[in-house]
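The values are calculated or read from the model by the stated rules, or taken from the named source; none is laboratory data. For clarity, every value in this text was computed on a predicted model and none was experimentally measured. Please note: Cβ atoms are built from the backbone with ideal geometry, for glycine as well, and neighbour counts cover all protein chains shown.
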Amino acid sequence: MRTNSFSAALVVLCLVSLSSGPAWAEPRPGPRHLFRAVLEDKVRGGWAGQMIGVSYGAPTEFRSMGRINDAEITWAPDRVSNAIEQDDLYVEMTFARVMDSIGLEATSAQYGDAFRDSKYGLWHANAAARRNLNRGIRAPWSGHPIYNVHANDIDFQIESDFIGLMCPGLPREVDRFGDRVGRVMNYGDGLYGGMFIGGMYAAAFFEDDPRQVVAAGLAGIPRRSSYAALIRDLLQWSAAYPDDWRRVWQMIEDKWDKDDPCPDGALAPFNIDAKLNGAYVALGLLFGHRDFGKTIEIATRCGQDSDCNPSSAGGVLGVMLGYTQIPDRFKSGIPALADQKFQFTDYSFNSICASTLRRATDVIRRAGGRVTDTEVIIPFQSPKPPQFEQWSPGIPDRKLGVAEAAWNWQGDWTRGQQGMTAQGPGAAATLTFTGVAVVLVGPLSQSGGRADVYLDGRLSQLTLDAYIVKDTHDNALWHTYGLAPRQHTLRLVTRNNADTRSTGKQIALEQAVIYREE
């Protein structure tokens, strides 16, 4: 193991952040140097690692939930072409394009405007954000849990790689850009997931020990967050059982794979929580021991979002190794498609690498570094976590389908495959429940209408709007949280209007997810 001044400082920072005593600091390390050819090789390695990892894990995505995937995993170099059509890559390039066209000082609202107008398919926090943005709720509010019940989901985490790749050795810049981009779709642990991944990329430019890279990512997020608590557990357990990743996976499963607040994961094995999937990224790095194939295999076998996780693990390790050191059996399919554009973007592998390098040199200069024809000189920058924020609606307690006695229906409702459906105004549904939060679940569509929602007799300021733009997949019709832990009455009444783009006024209800106090 090599321990340079950068990694030693990170260890000190992590230990200080975990202690309750006064902090102390060792002498400030000096600037780091990278030949420009090395910087380019590492950037190319990061993008190639993402492409390989997502293609490697794509056939297993959500095929294994709450269990290790022991199925055979095969690889052929031409399979990397799958990356051209992967949202793990083309979504982050939307935000890279904003930086390239508007500049590095682009605001969260400007990132949101670009995301609003995107045309690719989206799910979970991304879908809720695009839905909010199209309703006039601008970023950063589009990712806030008031409007986005998926705020803790994985979305920014899988789209943050490009930020780490343009911030070599600069974790504070990672968090600065992450705060603007990540709030388009996430909040709290969902935001910190992107900062954790980006922080690992930033460290990987100068560190060849995966454990120090994971510690660097941890140092860049608030220590009081649940995300940080999980990564601390992982670092402790992996040190105790360094040769048994399966045992450590089970320890993560037993303590952390529970109570996913996402309506789709509530009381179900499906878990798209950012911190759980982020732990699988780190698990691959810790137990892969710099072996590229082993790293992405472990991250894939952990299950859940098992194409996104090896993509990030492969990207971080790709930076550590550099493109030239990624084994040929994984990267040999890339040259044939290096100038082919990723779907929905103007970027190819070659052009996104060139774009990232330009942004990286700009970021280095802005951070007080220097760029010459042959090298970059990067000032030492210690991690500084952002302000602490945390959100949870509570623990998923039960699901109340529309046939349950807790519901009462009045007016023109019809029962069908999508539950109870109203096509016009004046239909009312009343739900009686006990809990601290509720999510109404049902299909959103281009024919969706609107409904007023009354909670305990008071009209909510948040209208239920079932319209959603094309290729945006969400089923969280309406939600609220922070309620007193007692019985509540929710009543919705369909309205005689809809979004001007809607072709109808349909409201369809399938169930309600009820949450109890933590």
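Quick one: would you say V174 is hydrophobic (A, V, I, L, M, F, W, C) and either within 20 Å of G314 (Cα to Cα) or in a helix (DSSP H, G or I) (or both)? In short, yes. The single condition among (1) exposed (fewer than 15 other Cβ atoms within 10 Å of the Cβ); (2) closer than 19 Å to R130 by Cβ; (3) under 30 Å from the mean Cα position of the chain (by Cα) that T500 does not satisfy is (3). Once region 170-201 is narrowed to residues that are out of contact with any Cys (no Cβ under 7 Å at 6 or more places or on another chain) and acidic (D, E), the residue that is surrounded by the most Cβ atoms within 10 Å (Cβ to Cβ) is D189. Restricting attention to region 298-325, the residues that are surrounded by 24 or more Cβ atoms within 10 Å (Cβ to Cβ) and not in a helix (DSSP H, G or I) add up to 6. Pairs are defined by a Cβ separation below 8 Å, a sequence spacing of at least 6 or placement on different chains, a first member in region 87-115 that is surrounded by fewer than 20 Cβ atoms within 10 Å (Cβ to Cβ), and a second member that is assigned to a helix (DSSP H, G or I) and of a type in the set (D, E); the pairs so defined are L104/D362; S108/D179.
Taken over region 117-139, residues that are surrounded by fewer than 22 Cβ atoms within 10 Å (Cβ to Cβ) and not polar (S, T, N, Q) amount to 9. Of the residues examined, A83 is one that is at pLDDT 95 or above, within 20 Å of G333 (Cβ to Cβ), crowded, with 16+ Cβ neighbours inside 10 Å and of a type in the set (G, A, S). Just one of the listed residues (A466, A437, A429) is over 25 Å from the mean Cα position of the chain (by Cα) and at pLDDT 95 or above, and it is A429. Residues of region 245-274 that are buried (at least 20 other Cβ atoms within 10 Å of the Cβ), touching a residue at least 40 places away in the same chain (Cβ under 8 Å) and in a helix (DSSP H, G or I): W245, W249, A274. Checking each residue in region 407-436 for being assigned to a loop (DSSP other than H, G, I, E, B) and crowded, with 16+ Cβ neighbours inside 10 Å picks out W413, Q423, P425, A427, V436.
Candidates I352, I364: the one that is part of a helix (DSSP H, G or I), at pLDDT 95 or above, in contact with a strand residue (DSSP E or B) (Cβ under 9 Å, 6 or more places away or on another chain) and within 30 Å of G178 (Cβ to Cβ) is I364. Taken as a whole, the structure places F349 among residues that are over 28 Å from E517 (Cβ atoms) and surrounded by 16 or more Cβ atoms within 10 Å (Cβ to Cβ).
The condition (being in contact with a Leu (Cβ under 6 Å, 6 or more places away or on another chain), of a type in the set (K, R) and on the phi < 0 side of the Ramachandran plot) is satisfied by just one residue among R116, R183: R116.
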